[in-house]
Amino acid sequence: MSSIFTKIIKGEIPSYKIAEDERFYAFLDINPNAKGHTLVIPKKEVDKLFDLDAETYVGLMQFAHKVAKALEKTIDCNRVGMTVVGLEVPHAHVHLIPINRVSDINFTSKKLAMQQEDFVKLAKEISRNFES
Ligand code: AMP
């Protein structure tokens, strides 16, 4: 069975897309730790990040680098943090989170409540600042 992220890539499930190319896809996390919390995934479905082949792994980091730059341009933050968890969705991904304090990257902290229109607006803003 396809992962929920594969369904997002195929357009079977909606997402707040930031950017994509032939191999990678970036979209807003629907349960964000902080404003701009973004997931970056390979289109190839592999459960664990460190089981990716080296080329896909390096490509994912290069793509995440460009997404992080777009986040820095869009969101007023101290820096963009990066985390790997993967306990919920078995499809390799990195979390990019604009942070000001360590609690912003703590997954047990209270999540940020956002309305659908806020997600749509934010995804558009970040997307506009993405340089491929
Ligand atoms: P983890 O696998 O533990 O790294 O967490 C998976 C992340 O994916 C969580 O932060 C969820 O909020 C996020 N997530 C799950 N389903 C979706 C979805 N349909 N769209 C966007 N983010 C999602």
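Descriptive notes on the structure:
- Taking the number of Cβ atoms within 10 Å of each Cβ as an exposure proxy, the fewest-first ranking of S127, S15 is S127, S15.
- Cα-based helix-to-principal-axis angle, 116-128 vs the chain, degrees rounded to 10: 70 degrees
- Secondary-structure-derived ellipticity at 222 nm for the chain, considering helices only, amounts to -9500 deg cm²/dmol, per-run term -39500 (n - 2.57) for DSSP H runs with n ≥ 4.
- In degrees, nearest ten, helix 54-74 long axis to first principal axis of the chain (Cα): 20 degrees
- Charge dipole (Cα centre; +1 on Lys/Arg Cβ, -1 on Asp/Glu Cβ; no other charges) of segment 4-128 amounts to roughly 360 debye.
- Comparing Y16, Y57, Y25 in a Gaussian network model of the chain, where Cα atoms under 10 Å apart are tied by springs, the biggest mean-square fluctuation is seen for Y57.
- Count of Lys pairs (Cα-Cα under 16 Å; at least 8 positions apart or interchain) in the chain: 21
- The chain - percent relative contact order, Cα under 8 Å, separation 6 or more: 31 percent
- Taken over the chain, the alpha-carbon convex hull comes to 105 cubic angstrom per residue.
- The alpha carbon centroids of segment 96-132 and segment 38-86 are separated by 14 Å.
- Extension gain from M82 to V102, taking 0.36 nm per residue of separation minus the Cα-Cα distance: 6.0 nm
- Database remark: amide H of F24 closer than 5 angstrom to the amide H of K43 (H placed geometrically; neighbours at sequence offset of 5 or more, or on other chains; Pro and chain starts carry no H).
- Cα gyration tensor category, rounded, prolate or oblate, for segment 62-132 with a/c compared to 1.5: rounded
Laboratory data are not the source of any read-out in this text; all were calculated from the coordinates shown. Quick caveat, the model's predicted, so the values are computed rather than measured. No Cβ is skipped: glycine too gets one built from the backbone with ideal geometry, and neighbour counts run over all protein chains shown.
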